[in-house]
1. Between helix 63-129 and the chain, what is the angle of the helix's C-alpha long axis to the longest principal axis, kept within 0 to 90° and rounded to the nearest 10?
2. Within a 10 angstrom radius of the beta carbon, how do 77, 84 rank from fewest other beta carbons to most?
3. Please work out the Cα center distance from the stretch 82-117 to the stretch 1-70, rounded to the nearest Å.
4. Just from its helices, what would the mean residue ellipticity at 222 nm be for the chain, if runs of 4 or more DSSP H residues each count -39500 (n - 2.57) and the sum is divided by every residue, rounded to the nearest 500 deg cm²/dmol?
5. Can you give me the orientation-averaged projected area of the convex hull built on the Cα atoms of the chain, in nm²?
6. Please report the base-10 log of the normalised intensity I(q)/I(0) for the stretch 56-108, using a Debye sum with one equal scatterer per alpha carbon and no solvent, at each q in 0.13, 0.18, 0.19 (1/Å).
7. Quick one: length gained pulling residue 54 to residue 125 fully straight, 0.36 nm per residue minus the C-alpha distance?
8. Can you give the translational diffusion coefficient of the stretch 14-71 in µm²/s, computed by Stokes-Einstein from the Kirkwood radius over Cα pairs at 25 °C and 0.890 mPa s?
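Quick note: the coordinates plus some simple rules give every number you see, no bench work behind them. All values reported here derive from a predicted model rather than from experimental measurement. All Cβ positions, glycine included, derive from the backbone under ideal geometry; neighbour counts span all protein chains shown.
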């Protein structure tokens, strides 16, 4: 009777308590991925120069220096856009892979007691017949 109560307690924990915790855990991992790749921040400052590297324009007008500063700042913005695009794309790909694998992990989690029971029975059969 004690083993039956323990087994039923495990099933109650596995399918009720732990399952709700697993859903919360999955949500936290998704939030972590968005924060790890700083997707919101990178989209927010998408057009800023890379590492905020920008030359300031001189006080006196000189067409050569103005043109050089403009080209230099434009290059830093393009570099920033390219690198931020790569990081955002990689982050979104990681999130998509994670979301795609969630149903598989849910199926495995729901079948885990059956898998454990089957492995125990398989182990006993191997012990008896080998």
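1. It works out to around 0 degrees.
2. On the way: 77 17, 84 20.
Going from least to most buried by this count: 77, 84.
3. After rounding, the separation between the Cα centres reads 15 Å.
4. Values: 4 runs with 103 residues, N = 130.
So the helix-based figure for the chain works out to -28000 deg cm²/dmol.
5. Answer in nm², one decimal: 13.6.
6. Log10 of I(q)/I(0), two decimals: -0.54, -0.70, -0.73.
7. 18.4 nm
8. After rounding, the answer is 156 µm²/s.
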